[in-house]
1. If you roll a 1.4 Å probe over the chain with all protein chains in place, what percent of the accessible area is carbon or sulfur?
2. Let me check I've understood the local charge: for residue 4, count other residues with C-beta under 11 angstrom from its C-beta, Lys and Arg +1, Asp and Glu -1. What total comes out?
3. Provide the per-residue ³J(HN,Hα) series for the stretch 72-83, in order, calculated from phi with Karplus coefficients 6.51, -1.76, 1.60 and θ = phi - 60°, each as a whole number of Hz, with x at glycine and proline positions.
4. For helix 57-66, report the angle its Cα long axis makes with the longest principal axis of the Cα atoms of the chain; keep it between 0 and 90° and round to the nearest 10°.
5. What order, most packed first, do the peptides 100-106, 79-85 have when packing is the mean number of other Cβ atoms within 10 Å of each residue?
6. For residue 9, list long-range residues whose amide hydrogen, built 1.01 Å from N in the peptide plane, is under 5 Å from its own amide hydrogen.
7. Beyond 25 Å, what share of the Cα-Cα pairs of the chain is found? Please give it as a whole percent.
8. With springs only between Cα atoms under 10 Å, which of 24, 32, 67 fluctuates most in a Gaussian network model of the chain?
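The values are calculated or read from the model by the stated rules, or taken from the named source; none is laboratory data. Quantities reported herein were computed from a predicted structural model and do not represent experimental measurements. Quick reminder, even Gly has a Cβ in these numbers, built from the backbone with ideal geometry, and neighbours come from all protein chains shown. What goes into the accessible areas is simple: the full protein's heavy atoms, side chains included, and nothing from ligands, DNA or RNA. Shrake-Rupley method; radii C 1.70, N 1.55, O 1.52, S 1.80 Å.
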Amino acid sequence: MAVTERGVTFGYGDLVVDYRGIPVMQENGCPVILDVTHSLQQPNQAAGVTGGRPELIETIARAGVAVGADGIFIETHQNPNIAKSDGANMLILDRLPELLRHLTHIRMVVTKF
């Protein structure tokens, strides 16, 4: 069993991750998975579709790994513009390997402390 941090809405069109919650959730003995792309959704947009902030995927992922998230979840697609769901907050698939290398380096540094 694991728990997932997916962000919380505060009424201004964005989901926000409170990184303080990750170690608090871990106190229950469950791994915590950070849903990076969901936490960048912008629900209830005027256009009637969910928006997103994919340019912040690496920022959110880095912060989550740095505070000790046990895993990450990232939606990817070769062309997010034609994805059937959640394309507005997806990572372009070609960018995934480099992001995972960065996150692996961060995890290695964090676990040394």
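1. Numbers: 3900 of 7040 Å².
Ligands and nucleic acids excluded, carbon and sulfur reach 55 percent.
2. Once all neighbours under 11 Å are counted, the net charge is -2.
3. Calculated HN-Hα couplings, in order: 10, 10, 9, 7, 10, 7, 5, 9, x, 5, 10, 4 Hz.
4. Computed tilt is about 20 degrees.
5. 100-106, 79-85
6. It is 16, by chain and number.
7. Result for the distance tail: 23 percent.
8. The residue that fluctuates most here is 24.
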